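Before any comments, here is the structure.
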Protein chains: 2
Amino acid sequence: MPDETYQADHPEVTSTAATPTTATPLSIATGAQHDDSTLEQTKVPRRPRTATNTAEIDSTIIHPGSVRINVKGAFIVDTPESGTPNGMSPSPQGSSYYETKDIRLPNHTAVVSHIAVDIGGSLAKLVYFSREAHSTEPGGRLNFLSFETDRIEDCFEFMKHLKDKQLALNGSRSSELSVMATGGGAYKFYDRIRERLGVDVMREDEMECLIIGLDFFITEIPREVFTYSETDPMHFVEPEENIYPYMLVNIGSGVSMLKVSGPRTYERVGGTSLGGGTLWGLLSLLTPAESFDEMLDMAAQGDNAKVDMLVGDIYGMDYGKIGLKGTAIASSFGKVFRMKREAEREAEDSGGLSNGDSDHHHLSSKSGESAVTEAIKSRFSASDVSRSLLYAVSNNIGQIAYLQSQIHGLSHIYFGGSFIRGHPQTMNTLSYAIKFWSKGEKQAYFLRHEGYLGSVGAFLKRQPRNWGRRGSFEEEGLETRMRERVRAESASQETVDEAVL
Amino acid sequence: MPDETYQADHPEVTSTAATPTTATPLSIATGAQHDDSTLEQTKVPRRPRTATNTAEIDSTIIHPGSVRINVKGAFIVDTPESGTPNGMSPSPQGSSYYETKDIRLPNHTAVVSHIAVDIGGSLAKLVYFSREAHSTEPGGRLNFLSFETDRIEDCFEFMKHLKDKQLALNGSRSSELSVMATGGGAYKFYDRIRERLGVDVMREDEMECLIIGLDFFITEIPREVFTYSETDPMHFVEPEENIYPYMLVNIGSGVSMLKVSGPRTYERVGGTSLGGGTLWGLLSLLTPAESFDEMLDMAAQGDNAKVDMLVGDIYGMDYGKIGLKGTAIASSFGKVFRMKREAEREAEDSGGLSNGDSDHHHLSSKSGESAVTEAIKSRFSASDVSRSLLYAVSNNIGQIAYLQSQIHGLSHIYFGGSFIRGHPQTMNTLSYAIKFWSKGEKQAYFLRHEGYLGSVGAFLKRQPRNWGRRGSFEEEGLETRMRERVRAESASQETVDEAVL
């Protein structure tokens, strides 16, 4: 495929016509304080260093996508920014938003007049740049914040706040802010965002943003990608020279699986509706936990063997012939129905069985649950149920991911999305599943900013050529990538696949 | 592989040494009233027709596996046998056993001195032969009965009853009965069965029994195998000349997936712990339903869109670029957590929010569920929840089955196991999943005796050569099959795969 290896030797080409779905990737350089020692800047010495001025800011607005993010020296900061501009207190339990560690960009000082938001089914993930306004340090940082989608107005309120503080944050006028939006909510709330903030909203494809974001994290951010095992819980990995092909398993409310063959060359190969929303939804019904984190805390304390039917429960031993250990889970929640029967018998014996009318019951115990249902529930702890369900969902995703990776010949599997939340048991289960099914031939990778692939991807859609420490974003490859993207889009149109039915 | 095509030309060979795990497949013919017009009998004219006598009964006991089941003219009967010998009333709701339609064997009159039971995690499935003792019709029938495993004593009681009536049922003495047992319970309850019934118990491998049973149903029983679609719900299919290779997806409490390359040549390629036990267990906790069938009845009335997050709920529209319709399920139970948040806000607004201590809660509402948990439960109907979970489990099994069939190059996928229960929505979901993912290239098949593959397989392990309407059990292939079985066993030993982790 010669198109894919084509190297443009005319770095000043500014053609944008071939990228209909994206903001302009090439435009006027906005005088970032480049470090000329980087390869990219060395190759393009004509670009002037200038201080930010009004003309430049204007050009940023007139030519969206023209901001060059200087990621040289980027790193993840482990302490929150002092004097955080959000005006809201740090995320307490039960509040509508959560923060993730910032990424410091010490060499970036250009005006950034856009923010990006990825609005999914359960969470809206926000990424924005801010200068180090309250310190003497240079550059600025990328900030990561997420909100529950059903409290999306809180998110819009915060975005409005960012807009109002735009001058202090980024040196641009409030009126100049634009919003890069992706995820389903970019469509569902399109009018609402424009109306609420009075800004331009550019919508970007969700899947494309995911892989742009992931490429960024893999190639640009040190100590971002890691492997997980019980003995070595966070083993950071450096990107290989060629990171492709790989699989992205993005676990949000539902799960999408993407085969990524090159920069912006991807195909959604499958997914499953059994994702974070399933875990959170079922645990909302089954336990008193009131937040995701509370559910995960419960799961950490639980014992799934009290709920799941193990091979040993059926066989009384291992089922060695097919390699099933006695401790393997034969049936998730498989012990519960049995227990129900036991509870029934006990109720019968004590004469206290009350059979309710079973038609059109609501689930509330106040509206008609029988004594039996009460009795069975009292036999299981919320922690055990949480652990069992976390295992079930994670195992299942791990297995489907493995099977898809097998069909598509992919050995690197990145897990992203807000489901994981850095939870050790979740990562351990996913990691073990990939190792187990692939007999050690495939590897699961995780990310510290796992939930922000889409929003960072949308943020970076307003990126010019030739930035970054890796060749993946070099301007020589731009036309190639544009062609690839167009090809990928037509390819993904042809692929009639679906997470669910 | 020359071994596989080897055809023995010495039909009287009675070597059994090569089949260590099976009952003797070759032995003295016990004078079944053969119809000589069948190919098999024509080829073996030396075998005498005799009436059942004591010597013959003895030989049946001394040489287990010597009974020849004459399946010529076998058919499924749609009315229960009059004067059923079981002495128990037909299965009412809430009782511990369920009957499935008998198979009439009008040409079989030989003594059958064994019964077979497949004891799984949730159900024990019993198969036994009975003569048409109370009618003038010739032959007899295979009877199918299942019991809940946690009431396994009821099953043993019934087996004891069969033993006591053995003379009337089959013309053999009570003391002559033996039990073929498979499934995990064959190991777990081995001593118990021997002690309770005072009989010999022969244990057979679960996976091998499944495929022997399935081969029998595919090749021998007319109107047994069918495809399902909404427009043509039960389309019976005749077996092709070569039924191999195929995949068996057996859905019990958990799910096993087997690749079957030939008679008794199989490999367990995978499975999932999300099976019938998961559906039944979770619905036990979430609904007042007290039996599997009640759960399925509820599901039939429900609307999963009230519980699941659809693509349209996230996008407000289709996500056309990747072919996801607005009505596709993005996240099973994905609407529940949102609802919980709403309920919380309402409770906050009305000042009635009572946060319980979340550590080590039991699930009973009496022991500490908060007002919020109550409020959220009242928003969902048991029917909607049942429908959603039935879809989730069925879709998931369908997808994994498709992926496994893709990896192993199999286009015929048979679904067996007690999960299906002839339930239209379940079959429709599984069938649609296979059609959808394979783009119409693979086909899902179902069976009327879906739950009895293992027990029928165990029953048939006491089968001689050269019976049946198909060549799959012809004596010429016996040695080949014995070798294949041995090879398959060593192959499956090497395969270190597992349903779950």
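The values are calculated or read from the model by the stated rules, or taken from the named source; none is laboratory data. All values derive from a computational prediction rather than experimental measurement. All Cβ positions, even for glycine, are placed from backbone atoms using ideal geometry, and neighbour counts span all protein chains on display.
Selection of segment B:194-213 for residues being within 30 Å of residue B:265 (Cα to Cα), of a type in the set (A, V, I, L, M, F, W, C) and either in contact (Cβ under 8 Å) with a residue 40 or more places away in the chain or in a helix (DSSP H, G or I) (or both) yields B:202, B:207, B:209, B:210, B:211, B:212.
Out of the residues in segment A:172-187 that are modelled with pLDDT of 85 or more and part of a helix (DSSP H, G or I), state the one that is farthest from residue B:327 (Cα to Cα). Of everything passing the filter in segment A:172-187, A:186 is farthest from residue B:327 (Cα to Cα). When segment A:387-403 is limited to residues that are of a type in the set (Val, Ile, Thr) and closer than 15 Å to residue A:414 by Cα, the one that is nearest to the other protein chains (Cβ to nearest Cβ) turns out to be A:400.
Please go through segment A:327-344 and pick out each residue that is β-branched (Val, Ile, Thr) and more than 7 Å from every other protein chain (Cβ to nearest Cβ). The one that is β-branched (Val, Ile, Thr) and more than 7 Å from every other protein chain (Cβ to nearest Cβ): A:327.
Just wondering, is there one or more residues in segment B:266-284 that are over 25 Å from the mean Cα position of the chain (by Cα) and at pLDDT 90 or above?
Of all residues in segment B:266-284, those over 25 Å from the mean Cα position of the chain (by Cα) come to none.
No; the residues of segment B:266-284 include none that is over 25 Å from the mean Cα position of the chain (by Cα) and at pLDDT 90 or above.
Annotation note: of A:186, A:181, the sole residue that is among the hydrophobic types (A, V, I, L, M, F, W, C) and within 17 Å of residue A:112 (Cβ to Cβ) is A:181. Among all residues of segment B:319-326, there is none that is touching a Pro at 6+ places or on another chain (Cβ under 7 Å), at pLDDT below 75 and facing another protein chain (nearest Cβ under 8 Å).
Collect the residues in segment B:150-163 that are farther than 19 Å from residue B:459 by Cβ and modelled with pLDDT of 90 or more, keeping them in residue-number order. Selection gives B:153, B:154, B:157.
In segment B:229-249, the count of residues that are crowded, with 18+ Cβ neighbours inside 10 Å, under 24 Å from residue B:207 (Cβ atoms) and polar (S, T, N, Q) is zero. Looking across segment B:316-351, the residues that are more than 28 Å from residue A:289 (Cα to Cα) and either β-branched (Val, Ile, Thr) or in a helix (DSSP H, G or I) (or both) come down to B:320, B:321, B:322, B:327. Within segment A:271-283, not a single residue is in contact with a Phe, Trp or Tyr (Cβ under 9 Å, 6 or more places away or on another chain), of a type in the set (Gly, Ala, Ser) and farther than 26 Å from residue B:395 by Cα.
Looking across segment B:244-265, just one residue is of a type in the set (Val, Ile, Thr) and at pLDDT below 95, and that is B:265. Checking the stated criteria, residue A:327 turns out to be free of Cβ contacts under 8 Å to residues at least 24 places away in the same chain and out of contact with any Lys or Arg (no Cβ under 9 Å at 6 or more places or on another chain). Might you check whether a residue that is within 9 Å of another protein chain (Cβ to nearest Cβ), assigned to a helix (DSSP H, G or I), in contact with a strand residue (DSSP E or B) (Cβ under 9 Å, 6 or more places away or on another chain) and not polar (S, T, N, Q) occurs anywhere in segment B:259-276? Yes, segment B:259-276 contains a residue that is within 9 Å of another protein chain (Cβ to nearest Cβ), assigned to a helix (DSSP H, G or I), in contact with a strand residue (DSSP E or B) (Cβ under 9 Å, 6 or more places away or on another chain) and not polar (S, T, N, Q). Please verify whether segment A:297-307 includes one or more residues that are assigned to a loop (DSSP other than H, G, I, E, B), closer than 16 Å to residue A:387 by Cβ, more than 7 Å from chain B (Cβ to nearest Cβ) and touching a Phe, Trp or Tyr at 6+ places or on another chain (Cβ under 9 Å). Looking for residues that are assigned to a loop (DSSP other than H, G, I, E, B), closer than 16 Å to residue A:387 by Cβ, more than 7 Å from chain B (Cβ to nearest Cβ) and touching a Phe, Trp or Tyr at 6+ places or on another chain (Cβ under 9 Å), one finds at least one in segment A:297-307, hence yes. Filtered by the rule that a residue be of a type in the set (A, V, I, L, M, F, W, C) and part of a loop (DSSP other than H, G, I, E, B), segment B:226-258 gives B:234, B:237, B:243.
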